[in-house]
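For reference, the structure discussed in these notes is given below.
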Amino acid sequence: MGKRVMVVDDSRVIELQMRKLLEETDYEVAAYCRDGESAITAYAEVKPDLVTMDIIMPGMDGLETARTILEEHPEAKILMVSSLAYDDTISEAKEIGAKDFIYKPFDRDQILAAFDKVMAEE
């Protein structure tokens, strides 16, 4: 059985891109959420192996969403994915407990390498 990924991004294009990039890999998109509030609810229901989290989203941003998920589920493996990030944003994401950070746009090799790195961490 593949590893289950929850994609949290307000762009439907990113969800579709992620589904395509993960075809014929050990990963599958198990859930897609367009905002932080639904991601918090979905995490408890889906219990994904890995979460990709956009930072800029309407309502609750990705940093606050990651913080909330990790407070409730400290075992969560969250990979921040964003096109707009500064050093302080990346530092904050790591302080919160995000496992890694990848910039958009990304390609298949980048995303799979990041997923494998995050999944290898205990």
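The values are calculated or read from the model by the stated rules, or taken from the named source; none is laboratory data. Remember, it's a predicted structure, so these values are computed and weren't measured experimentally. Reconstructed Cβ throughout: ideal geometry from the backbone, glycine too, with neighbour counts over all protein chains shown. What goes into the accessible areas is simple: the full protein's heavy atoms, side chains included, and nothing from ligands, DNA or RNA. Shrake-Rupley method; radii C 1.70, N 1.55, O 1.52, S 1.80 Å.
Pop a pseudo-label 7 angstrom from the Cα along the beta-carbon direction at both LYS104 and ARG19 and give the gap in nm to one decimal.
If labels sit at LYS104 and ARG19, their model points lie 1.7 nm apart.
Given a cut-off of 21 Å, what percent of all Cα-Cα pairs of the chain lie beyond it?
Above the 21 Å cut-off, the chain has 28 percent of its Cα pairs.
Expressed as a whole percentage, what fraction of the accessible surface of segment 1-115 belongs to carbon and sulfur atoms when a 1.4 Å probe is rolled over the protein heavy atoms?
Of the solvent-accessible surface of segment 1-115, carbon and sulfur hold 50 percent.
Quick check for you: with a 1.4 Å probe and neighbouring chains kept, what is the accessible area per residue of the chain, in Å²?
Ligands and nucleic acids excluded, the result is 52 Å² per residue.
Given N residues in segment 1-62, what is its alpha carbon radius of gyration divided by 2.2 N^0.38 Å?
1.05
So if I place +1 on the C-beta of Lys and Arg and -1 on the C-beta of Asp and Glu, and nothing else carries charge, what would the dipole magnitude of segment 10-122 be about its Cα centre? I want it in debye, nearest 20.
Using Cβ point charges on Lys, Arg, Asp and Glu, segment 10-122 gives about 280 debye.
Over segment 1-113, what is the mean sequence separation of C-alpha contacts under 8 Å (at least six apart), divided by residue count, expressed as relative contact order in percent?
About 23 percent, as a whole number.
Name the most mobile residue of ASP87, ASP35, ASP61, meaning the one with the largest mean-square fluctuation, in a Gaussian network model of the chain with Cα contacts below 10 Å.
For the chain, modelled as a Gaussian network with Cα springs under 10 Å, the answer is ASP87.
What number, rounded to the nearest 500 deg cm²/dmol, is the helix-based mean residue ellipticity at 222 nm of the chain, given -39500 (n - 2.57) per DSSP H run of at least four residues and division by all its residues? It would help to have the intermediate numbers written out before the result.
Details: 5 runs with 55 residues, N = 122.
Taking each H run of at least 4 residues, the total per residue is -13500 deg cm²/dmol.
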